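The values are calculated or read from the model by the stated rules, or taken from the named source; none is laboratory data. From a predicted model like this one, the values you see are computed outputs, not experimental measurements. Here the Cβ positions follow ideal geometry from the backbone for every residue, glycine too, while neighbour counts run over all protein chains shown.
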Amino acid sequence: MENPVLFWGIIVFLLGTLGIGIWASKQIKGDSVNFLVAGRGLVLPLAAATLMAQSVDSNATLGNTDLSSEFGFWAGASLPVGLALCLFLTGLFYAKPLNRMGLITLPDFYRVKYGRTTEVVAAVIMVISFSFLLAGNLVAGGYLFQTFLGLSYFGGVTLIATLVLVYTVSGGLFAVAYTDAIQVAIAFLGSLVLLGFIAVTFGLDMPAGMGPLDMAQLTSPESGAVVNWATILALGLGDIVAIDFMARIFAADSPETAQRACFIGCAGTLIIGIPFSLIALSSGRILEEAGVVPDGPVLFALLGSVIPAFIGLLVIMAIMSASLSTADGAILGTSSVIAHNVMGIHHGHGGAHNVADNGLSTGGDQLLKITRLMAVVITVIGVFFALRIPQTGVLLLLAFDLGFAGLVVPLTGGLFWAKATWQGALSCIIVGSLTRLTLFALMPVMFGVENTLLYIPNGIFAETFDGFPTLISPIVGLVVFVVVSSITYVPELTQSVRRERELSRL
């Protein structure tokens, strides 16, 4: 324990956060809708805070600084820029129509529009991708506890996983909503205070070829342009189908609230995220002058060695709260998808029984029970990935790469293209996702980091191809979607008949 202020500050903060989560459990009242989408009653400040909190997570702060310090400003800034782009596009096109549909989880849309089979396949893809997202936040927590509490990396990952699990099964989305407003305020203040301190005390560096005005990072493949654009697009479009993100859209008290919350979240994500990219450019010189060699995330090295304890604690609380909040959302969203969309357990009111599409008859509170049980399973999977891939930003990108490859096109087509069919959607999801997973397994690196999860040695793909799989896979999915939908579309099917079929799938 090198710094008692940071040590005890972290302990008190964790206990306070857990207390809020347990207190929020009183709002659940045995109802899965309260647990999963906060009773569909989030007002604008809470809705905006929860959306922003999903963007300002530990992946997008620690991953941001790690990438910026190593590869340049745009390598890290592409994370908040991509996430902000997602919020902007969602507010522009998706928030209102999806909020009006009264969905519980995002795969519900695929059932309503395309049928049960498409729902299950989409749900499985989302579960896989969000296991990576959860892992990325557990990685950040593991490093944080290792650095400031003196635990091993394994111990840190296990501890934060346990804390998040308790937090999740207690308060659900209500707990997230109540803590997110505080977390966003802390993150906003911590980001700007840290940037101001670095600028005044050490000065801001712009190393040659690495600054925000060095546009080769966005135009030259040799300077990482392909990977940077792949990052922006993977997050800007892939995050649209994030199950935890969409849960906040569904939870807003009106379509207008959902849309406005997206636009506010877009601005806040940039304001909080960009300073971390700027700080990272100066981190190498600052740490070298201090004689510090980073062992883990660059930001933690700065906070633990050269930043005053009170500023460090502020930033650490912001990162830790973001990690808890996003991991909570990942566990909550993924476990609900398994229970509701894969197992087919539907919500009922007042103890009434519903018959799901697979014929499973359940009570109204059964969805709540199974979701909480599945949370344990998902947490174990997240721990496994966190221990196998101790990286932050890369796991965030990989999570949304899968959604970008196969799920965005059917969602958009289902909302805005009358000729979209279930055959086209299912083909797009399967082909797009398999294309991305295949290219992932054949690539020795992923976003500049060694592929330690699943690499099949081959003489076809080299490191210079990094970034292209992100761009190729959704194009393949789009072509398949358009071609198959055009072939299987039945023009004589009237709009009223289509609507009746969609309603029958609810």
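Residue check: is S254 polar (S, T, N, Q) and within 23 Å of L332 (Cβ to Cβ)?
Criteria met by S254.
Give segment 215-232 a look and list any residue that's surrounded by fewer than 17 Cβ atoms within 10 Å (Cβ to Cβ) and at pLDDT below 90, or say none.
P221, E222
Filter the helices (runs of 4 or more DSSP H) completely within segment 295-397 down to those with at least 1 residues that are out of contact with any strand residue (DSSP E or B) (no Cβ under 9 Å at 6 or more places or on another chain), closer than 25 Å to L36 by Cα and modelled with pLDDT of 85 or more.
In segment 295-397, the matching helices (runs of 4 or more DSSP H) lie at 309-337, 366-388.
Can you find a residue in segment 437-456 that is polar (S, T, N, Q), under 19 Å from V227 (Cα atoms) and modelled with pLDDT under 90?
The answer is yes, given that some residue of segment 437-456 is polar (S, T, N, Q), under 19 Å from V227 (Cα atoms) and modelled with pLDDT under 90.
Suppose we keep only residues that are without any contact (Cβ under 8 Å) to a residue 40 or more places away in the chain and aliphatic (A, V, I, L, M) within segment 186-214. Which one would you say is surrounded by the most Cβ atoms within 10 Å (Cβ to Cβ)?
A199
Among the helices (runs of 4 or more DSSP H) contained in segment 95-185, which hold 3 or more residues that are touching an Asp or Glu at 6+ places or on another chain (Cβ under 8 Å), in contact (Cβ under 8 Å) with a residue 24 or more places away in the chain and surrounded by 23 or more Cβ atoms within 10 Å (Cβ to Cβ)?
107-114, 116-148
Which residues, taken from segment 51-94, are assigned to a loop (DSSP other than H, G, I, E, B) and within 13 Å of the chain's Cα centre (by Cα)?
V56, D57
Among residues belonging to segment 119-175 that are under 28 Å from D253 (Cα atoms) and among the β-branched types (V, I, T), point out the one that is modelled with the highest pLDDT.
By that ranking, first place goes to V120.
Any residue at all in segment 278-288 that's polar (S, T, N, Q), under 20 Å from F174 (Cα atoms) and either crowded, with 20+ Cβ neighbours inside 10 Å or modelled with pLDDT of 90 or more (or both)?
no
Mind checking whether some residue in segment 244-267 is modelled with pLDDT under 90, over 26 Å from G403 (Cα atoms) and within 21 Å of the chain's Cα centre (by Cα)?
There is no residue in segment 244-267 that is modelled with pLDDT under 90, over 26 Å from G403 (Cα atoms) and within 21 Å of the chain's Cα centre (by Cα).
Among (1) at pLDDT below 80; (2) within 24 Å of the chain's Cα centre (by Cα), there is one condition R40 misses while meeting the rest; what is its number?
(1)
For segment 75-85, indicate whether the set of residues that are of a type outside the set (S, T, Y) and over 25 Å from A261 (Cα atoms) is non-empty.
Yes: one or more hits.
Residue-by-condition table, conditions (1) more than 22 Å from A75 (Cβ to Cβ); (2) touching a helix residue (DSSP H, G or I) at 6+ places or on another chain (Cβ under 7 Å); (3) of a type in the set (A, V, I, L, M):
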residue: Y178; (1), (2), (3): yes, yes, no
residue: A181; (1), (2), (3): yes, yes, yes
residue: A187; (1), (2), (3): no, yes, yes
residue: L195; (1), (2), (3): no, yes, yes
residue: M215; (1), (2), (3): no, no, yes
residue: F250; (1), (2), (3): yes, yes, no
residue: T257; (1), (2), (3): yes, yes, no
residue: R260; (1), (2), (3): yes, yes, no
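Here's the yes/no breakdown for (1) buried (at least 17 other Cβ atoms within 10 Å of the Cβ); (2) within 21 Å of L83 (Cβ to Cβ); (3) aliphatic (A, V, I, L, M):
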{"site": "V409", "(1), (2), (3)": "yes, yes, yes"}
{"site": "C428", "(1), (2), (3)": "yes, no, no"}
{"site": "G432", "(1), (2), (3)": "yes, no, no"}
{"site": "L454", "(1), (2), (3)": "no, no, yes"}
{"site": "P457", "(1), (2), (3)": "no, no, no"}
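Using beta carbons and a limit of 9 Å, which pairs, at least six apart or on different chains, have the first residue in segment 221-248 and at positive phi and the second one surrounded by fewer than 24 Cβ atoms within 10 Å (Cβ to Cβ) and aromatic (F, W, Y)?
As it stands, the answer is G224/F71, since those pairs meet every condition given.
Would you mind finding the one in A418, A425, A441, A405 that is part of a loop (DSSP other than H, G, I, E, B) and among the small types (G, A, S)?
Matching residue, one of A418, A425, A441, A405: A418.
Looking only at segment 68-84, which residues are more than 18 Å from L213 (Cβ to Cβ) and either aromatic (F, W, Y) or in contact with a helix residue (DSSP H, G or I) (Cβ under 6 Å, 6 or more places away or on another chain) (or both)?
L79, G82, L83, A84
Quick grid of which residues meet (1) closer than 20 Å to A242 by Cα; (2) without any contact (Cβ under 8 Å) to a residue 40 or more places away in the chain:
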position	(1), (2)
L415	yes, no
T421	no, no
A425	yes, no
C428	yes, no
L439	no, yes
P444	no, yes
V449	no, no
